[in-house]
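The values are calculated or read from the model by the stated rules, or taken from the named source; none is laboratory data. This structure is a prediction, so every number in the text was calculated from the model and none was measured. Cβ placement follows ideal geometry from the backbone for every residue including glycine, while neighbour counts extend to all protein chains displayed.
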Amino acid sequence: MQERINLLAIDLAKEVFQVEGINDHGKPILKKRLMRDELLLFTAQLPACRIAMEACGGSHYWSRKFAEQGHTPCLLAAKLVKPFKKTSQKNDQHDAHAIGEAAQRPSMRYVGAKTVNQQDLQSLHRARALLVKQRTASVNQCRGIAMEYGVVMPDGINKFREHFPVVIEADNELTPVARELLGTVKDMISKLDVEITKIERKIKSVGSESRDYNRLIEVPGVGPMTASLFLASVGDVNAFKNGRHLAAWAGLVPRQHSSGGHTKLMGITKAGDQDLRVMLVHGARALIRATRIKSGADPQSQWILKLLEKKGWNVTAIAVANRNCRIMWHLVKHQEEYKQKPA
């Protein structure tokens, strides 16, 4: 009688997949090499089991496919799998074995699988980030070319748009060739502006289909871009025990270097999704600026103003971003609407 596979560890790749089957006692009973078109046929013949994979390119796609077959997919962060590699020699069999060993640990943390809608949002955000990066590079190129002719333009995309027409029309050291070149690069920037605007509209359109998105944009300091990126990056909020765990995953907590009972806290860890953390911090800074202008009497405004006076701008921004992250987790987890406390 063939032993039942309780856990299937898969080392994902583009075409060649290495699988390792593990029984109820944690002993490997199957090692097999499969091609891409053979993988789903193989897993369809297995009884329902856990399937462990590293969270990498294509892992969310395979998670959805395995879940449709009745299996329980488990995604592990690559950095949590690495300590279980028993040899320095890297190959597919060793990688699959390490994934199986890591997935058997009772305290292992898993990555939540994303839905198709969440992947759409994440893809849109990645494309927007790429276009913004290209636009920034083009603006810096224009400023660099102008500086070579003794013309200095101020920093910032808005100030660039304001001063560029003046620089082109002014009587300065720019040659006809340089003016034509700057005009060409400026046309590229204008096209990028149009494409970025289209993607932002698409993000809002796709995000508005989710009830959670409409809940999150009600949180002060959280806009459409932050709310949609939160849903795309976090995936399943049930993968986090509470909001504090999510804030720690986002890198919005101090890094510890404690020993011998002496606690030492340093700067934030900057772990997790960098884009999400940047958006949360930017939203927190905007909320702090608005709070300083209005000086509201509600508890949140009073807390921000006291913290700002005591700890300064940067620490307050991280604290507000951390708080917003925990609030967002609570709203999505418990399916509640945001309610601001009255003054």
Subject >> the range 107-121: number of residues that are of a type in the set (D, E, K, R) and under 14 Å from ASN238 (Cα atoms) >> reply: 2
Original post:
Within the range 153-165, how many residues turn out to be farther than 22 Å from LYS133 by Cβ and loosely packed, with under 10 Cβ neighbours inside 10 Å?
Top reply: 0
**OP:** Please specify each residue of the range 252-289 satisfying the condition of being touching a helix residue (DSSP H, G or I) at 6+ places or on another chain (Cβ under 9 Å) and more than 30 Å from GLY112 (Cα to Cα).
**Re:** ILE288
Original post:
What's the number of the condition TRP329 fails, among (1) among the aromatic types (Phe, Trp, Tyr); (2) in a helix (DSSP H, G or I); (3) over 25 Å from ALA77 (Cα atoms)?
Top reply: (3)
**OP:** Within the range 179-201, identify whether any single residue is exposed (fewer than 13 other Cβ atoms within 10 Å of the Cβ), of a type in the set (Ser, Thr, Tyr) and not assigned by TED's automatic domain parsing to the domain that holds LYS133, and answer yes or no.
**Re:** no
Subject >> All positions within the range 59-87 that are among the aromatic types (Phe, Trp, Tyr) and out of contact with any Leu (no Cβ under 7 Å at 6 or more places or on another chain) >> reply: TYR61, PHE66, PHE84
Subject >> Qualifying positions in the range 114-132 - among the charged types (D, E, K, R), part of a helix (DSSP H, G or I) and surrounded by 15 or more Cβ atoms within 10 Å (Cβ to Cβ) >> reply: ASP120, ARG128
Subject >> Tally, over the range 249-269, of residues that are closer than 21 Å to LEU76 by Cβ and surrounded by fewer than 18 Cβ atoms within 10 Å (Cβ to Cβ) >> reply: 1
Original post:
How many residues are in contact with an Asp or Glu (Cβ under 6 Å, 6 or more places away or on another chain), free of Cβ contacts under 8 Å to residues at least 60 places away in the same chain and closer than 18 Å to GLU101 by Cα when one looks only at the range 1-36?
Top reply: 3
Subject >> From the options ASP171, ASP155, residue that is closer than 30 Å to ILE304 by Cβ, assigned to a loop (DSSP other than H, G, I, E, B) and in the same structural domain as LEU121 (by TED's automatic domain parsing) >> reply: ASP155
**OP:** Working only within the range 301-317, note down all residues that are of a type outside the set (Ser, Thr, Tyr) and in contact with a helix residue (DSSP H, G or I) (Cβ under 8 Å, 6 or more places away or on another chain).
**Re:** ILE304, LEU305, LEU307, LEU308, LYS311, TRP313, VAL315, ALA317
**OP:** Scan (1) of a type in the set (Gly, Ala, Ser); (2) surrounded by fewer than 13 Cβ atoms within 10 Å (Cβ to Cβ); (3) under 22 Å from the mean Cα position of the chain (by Cα) for the single condition ALA170 breaks and write down its number.
**Re:** (3)
Subject >> Filtered residues of the range 287-296 (kept if exposed (fewer than 15 other Cβ atoms within 10 Å of the Cβ) and assigned to a helix (DSSP H, G or I)) >> reply: ARG289, ALA290, ARG292, ILE293, LYS294
